[in-house]
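The values are calculated or read from the model by the stated rules, or taken from the named source; none is laboratory data. For clarity, every value in this text was computed on a predicted model and none was experimentally measured. No Cβ is skipped: glycine too gets one built from the backbone with ideal geometry, and neighbour counts run over all protein chains shown. Surface areas here come from the heavy atoms of the whole protein model, side chains and all, with no ligands, DNA or RNA. Shrake-Rupley method; radii C 1.70, N 1.55, O 1.52, S 1.80 Å.
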Amino acid sequence: MKKSRLLHVVATRMFTTLAADHTIEWLERRLDIFETFTLPSLMAQSCQDFTWILLVSADLPLVISSKLNTIVKPYANIYIIALRVADLHDQAEYQEAFSEFIQQHEFKYDFLLSSRIDGDDAWHKDYVAKIQQEALDWSAKHTKWSNSAGVIFNFPYGQICYPFEIRGKEGIGNWRRKFFSQSVDVLSVQQSQETLYKFPHSKTAQFAKANNYLCHYIKTKHPMWLYVQHVQNDGLLRKWHRWFILFEKFMLKFHHFKAGELEMYGISEQSRQRFKQRYLAHTRKC
């Protein structure tokens with residue numbers, strides 16, 4: 001029996017929608033977050049059989065784009081794609097760039113697994129291996145789900161990280177929720193590439209129902225993703241500020257950092273401390 005060929009493409013939005021207050025200094029701080037948390041997490045994956053594309057604004061300042069290119073240059077499976085887009089979700093430019101990338105590289109595959117990770121998040125070191133195995137298991141059952149557009153996977157169990165003191169907290173909070181999970185992966189047949197950024201995390205179930213996707217929640221004993229909280233998190237510290245404070249108070253099981261706790265994500269305590277010192281030093285200057 002022929003084994004299904006799985007193409008796994010990971011995508012990260014890096015400064016695709018530049019705002020007026022996104023100064024060089026602001027962008028440098030976000031790049032520091034990416035280099036401290038997201039990049040080492042992906043490069044520490046036990047399975048490296050994936051392609052990672054970083055989507056950036058075509059108007060990104062040269063000093064920032066040069067720094068980003070230098071940071072990712074050592075890694076052969078990372079590609080940078082520049083584009084112009086008006087919003088974070090449901091924009092044709094994302095799909096066009098994604099599809100064109102796959103076509104240009106002439107990948108041979110039967111099923112496409114697309115994963116999203118933000119540039120301030122991290123994955124458990126076995127995340128890629130786990131999600132690929134789940135995808136292969138589902139592809140083997142293709143006859144049972146071929147009438148649907150595909151399968152949206154979700155790991156409900158993750159953590160939120162306060163790398164330095166924010167609202168009196170510095171440490172880790174355990175997050176076991178189906179809604180607003182930071183982890184979303186989509187398995188689809190070869191012809192379908194329509195899900196990359198069609199919906200935000202919080203609208204996963206609604207999108208699946210409206211577009212004929214199955215939704216599968218994967219239970220794990222350990223957290224599979226890490227959401228890094230920081231001063232520049234526009235969404236939670238601005239738009240959802242009051243909601244999230246209540247969520248933290250009543251639903252988040254928080255504890256201070258334990259020795260080596262971040263190593264499951266490929267992040268060392270030393271790098272967190274260095275990041276904390278740089279970030280706070282910059283904040284004091286502002």
With Cβ to Cβ distances under 11 Å as the rule, what net charge do the other residues near ILE81 carry (K, R +1; D, E -1)?
-> -2
Roll a 1.4 angstrom probe over the protein heavy atoms and tell me the percent of accessible area of the range 1-129 that is carbon or sulfur.
-> 50
Pair CYS215, PHE257: separation of 7 Å Cα→Cβ label points (nm) | 3.5
What's the long-distance tail for the range 1-51, i.e. % of Cα pairs beyond 16 Å?
-> 57
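With respect to the cross-link table entries LYS3/LYS108; LYS169/LYS258; LYS130/LYS219; LYS125/LYS221; LYS169/LYS203, which display a Cα-Cα separation exceeding 18 Å? Intermediate values should be presented prior to the final figure.
Details: LYS3/LYS108 13 Å; LYS169/LYS258 14 Å; LYS130/LYS219 11 Å; LYS125/LYS221 14 Å; LYS169/LYS203 28 Å.
The pairs that break the limit, which is 18 Å between Cα atoms, are LYS169/LYS203.
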